[in-house]
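The values are calculated or read from the model by the stated rules, or taken from the named source; none is laboratory data. Small disclaimer: the values here were computed from a predicted structure and weren't measured. Note that each Cβ is placed from the backbone with ideal geometry, even for glycine, and that neighbours are counted across all protein chains shown. With ligands, DNA and RNA removed, areas are computed over all heavy atoms of the protein, side chains included. Shrake-Rupley method; radii C 1.70, N 1.55, O 1.52, S 1.80 Å.
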Amino acid sequence: MPDPYLIIVVLLFLLAVSDLVVGVSNDAVNFLNSAVGSRVAPRNVIMVVVSLGIFVGATFSSGMMEVARSGIFNPQFFVFGEIMVIFLAVMLTDIILLDLFNTLGLPTSTTVSIVFELLGAAVLLSLIKIFDQGEGIQAIATYINSSTAILIISGIFLSVGIAFVTGAVVQYISRLIFSFRYQQKHRLIAALWSGLASASLTYFLLFKGIKGASFVSDSFISWVGENTLLLLAGSFVVWTLAMWVLALRGVNVFRVVVLYGTFALAMAFAGNDLVNFIGVPVAGFESYLYWQDSGIDPFGYSMEVLTEPVRTNSYLLMAAGLVMIITLWFSKKARSVTETEVNLGRQNEGQERFSPNPLSRGIVRASSYAASYAQQMFPDYFLKRAKTIFETTEEQTADKPAFDLIRASVNLTMASTLIALATSLKLPLSTTYVSFMVAMGTSLADKAWGRD
């Protein structure tokens, strides 16, 4: 008779492939939005850059896998048979929900989905155990890793506000520097700004994100930590000089920043979100190996071993990255979700995919009032000068990009920075929420919001 738990493990990995497909179709908006919206390059070039970013970022996600193992519940209070039921329920639910959102063309958060699915399945199974053992409802705190779960959930929702405010502030400052006539700015100013943006991306993706890489030694990570300021300064100097040379040769350095930022955001996405798709199957496979070696009954073997840190196999991470890349190239639903966010953040007016409702109008009105109130803190002469800077010189038409390279570079730089920082701290924030709210913040700063 076939081993039923081996069948579950095989099923988990088959579901993981399906989850990668539907998950990437939804999350493609996170790193395609700015490049596609600004038309920084032909779509095939953008796709190649994104594919490279995903492949590299996939190998940086090993440390995030611990979230699926012990981040939401305390595995030592569950047995092997119960853990496998939780994992199977989570994967089935995740695929159904994400595919539904993809079909509707709606960007949603794969991180929020997986966190709450794990939490819901673990809570229900914990309640069953509590009632069977005649314990009180307060005993649920024993089974659920409440402190970590609250930290993860609060981090996800706190990141929404931080992303929006950060995007709006940085975009406002950037527009004051460059206006909508950024092509006329001095090459040195463009090189300094581009160097700072690129150094920021390099710092957080390489120097911070490297801590989660499955192939990097502890000694190298320690060396990077001890020389962070020196490496950051060196990165800024190198990038600024490189941008200066490119600018002198007539290259639009803002395009370089957007393409590099697209690579960086795709890399940050893979490093942070890969756990959403394969973290549960990997944890299930590890659980099966531990139980099989023990020779103990599946409902008598405690899963305390899942509390121990582990590094996921690099080949498994790269295989998952390849599935994500293939999906990205051929998924029609990925284009549909991307178009939704690009249209929401465009500079010019147009037809919306979804009709506005009282709630959405209220949010827009409140945000606009808050922005107007913040402007009152500045003197009149500054506001008059700012008003002239924010005047567009060209009429927006349907054949023009949804927004320019300045806003695209801010979108990418700020979203990548926030996501990579969370990855380095092993906090699974929502890449969709962060990317979306940064884009909404920058569009608000550019005065692109309308009542509808």
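Scanning segment 50-73 for residues that are open to solvent by 30 Å² or more (accessible area, probe 1.4 Å) and modelled with pLDDT of 80 or more yields Leu52, Phe55, Val56.
Can you find a residue in segment 290-306 that is at pLDDT below 80 and out of contact with any strand residue (DSSP E or B) (no Cβ under 9 Å at 6 or more places or on another chain)? Looking for residues that are at pLDDT below 80 and out of contact with any strand residue (DSSP E or B) (no Cβ under 9 Å at 6 or more places or on another chain), one finds none in segment 290-306, hence no. Filtered by the rule that a residue be open to solvent by less than 20 Å² (accessible area, probe 1.4 Å) and either in contact with a Pro (Cβ under 6 Å, 6 or more places away or on another chain) or over 21 Å from Ala420 (Cβ atoms) (or both), segment 159-181 gives Arg175, Phe178, Ser179. Of the residues that sit in segment 185-209 and are over 17 Å from Met414 (Cα atoms) and modelled with pLDDT under 85, which one is least open to solvent (accessible area, probe 1.4 Å)? Ranking the qualifying residues of segment 185-209, first place goes to Ala190. If you go through segment 116-141 and keep only what is open to solvent by less than 60 Å² (accessible area, probe 1.4 Å) and closer than 20 Å to Glu304 by Cα, you end up with Leu118, Leu119, Ala121, Ala122, Val123, Leu125, Ser126, Leu127, Lys129, Ile130, Ala139, Ile140. The condition (being acidic (Asp, Glu) and free of Cβ contacts under 8 Å to residues at least 24 places away in the same chain) is satisfied by just one residue among Glu226, Glu304, Glu286: Glu226.
Any chance segment 210-226 includes a residue that's under 18 Å from Phe269 (Cβ atoms), modelled with pLDDT of 75 or more and open to solvent by less than 50 Å² (accessible area, probe 1.4 Å)? Scanning segment 210-226 turns up no residue that is under 18 Å from Phe269 (Cβ atoms), modelled with pLDDT of 75 or more and open to solvent by less than 50 Å² (accessible area, probe 1.4 Å).
Would you mind stating whether Arg255 is modelled with pLDDT of 85 or more, of a type in the set (Lys, Arg) and farther than 30 Å from Thr432 by Cβ? Against the criterion (modelled with pLDDT of 85 or more, of a type in the set (Lys, Arg) and farther than 30 Å from Thr432 by Cβ), Arg255 does not qualify. Of all residues in segment 76-109, those satisfying the criterion of being over 18 Å from Asn276 (Cα atoms), open to solvent by less than 40 Å² (accessible area, probe 1.4 Å) and either over 26 Å from the mean Cα position of the chain (by Cα) or of a type in the set (A, V, I, L, M, F, W, C) (or both) are Phe78, Val79, Phe80, Gly81, Glu82.
A quick yes/no check of all residues on (1) open to solvent by 50 Å² or more (accessible area, probe 1.4 Å); (2) touching a Lys or Arg at 6+ places or on another chain (Cβ under 7 Å); (3) aromatic (Phe, Trp, Tyr); (4) not in a loop (DSSP other than H, G, I, E, B):
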{"site": "Val258", "(1), (2), (3), (4)": "no, no, no, yes"}
{"site": "Ala264", "(1), (2), (3), (4)": "no, no, no, yes"}
{"site": "Asp273", "(1), (2), (3), (4)": "no, no, no, yes"}
{"site": "Glu286", "(1), (2), (3), (4)": "no, no, no, yes"}
{"site": "Leu289", "(1), (2), (3), (4)": "yes, no, no, yes"}
{"site": "Pro298", "(1), (2), (3), (4)": "no, no, no, no"}
{"site": "Leu316", "(1), (2), (3), (4)": "yes, no, no, yes"}
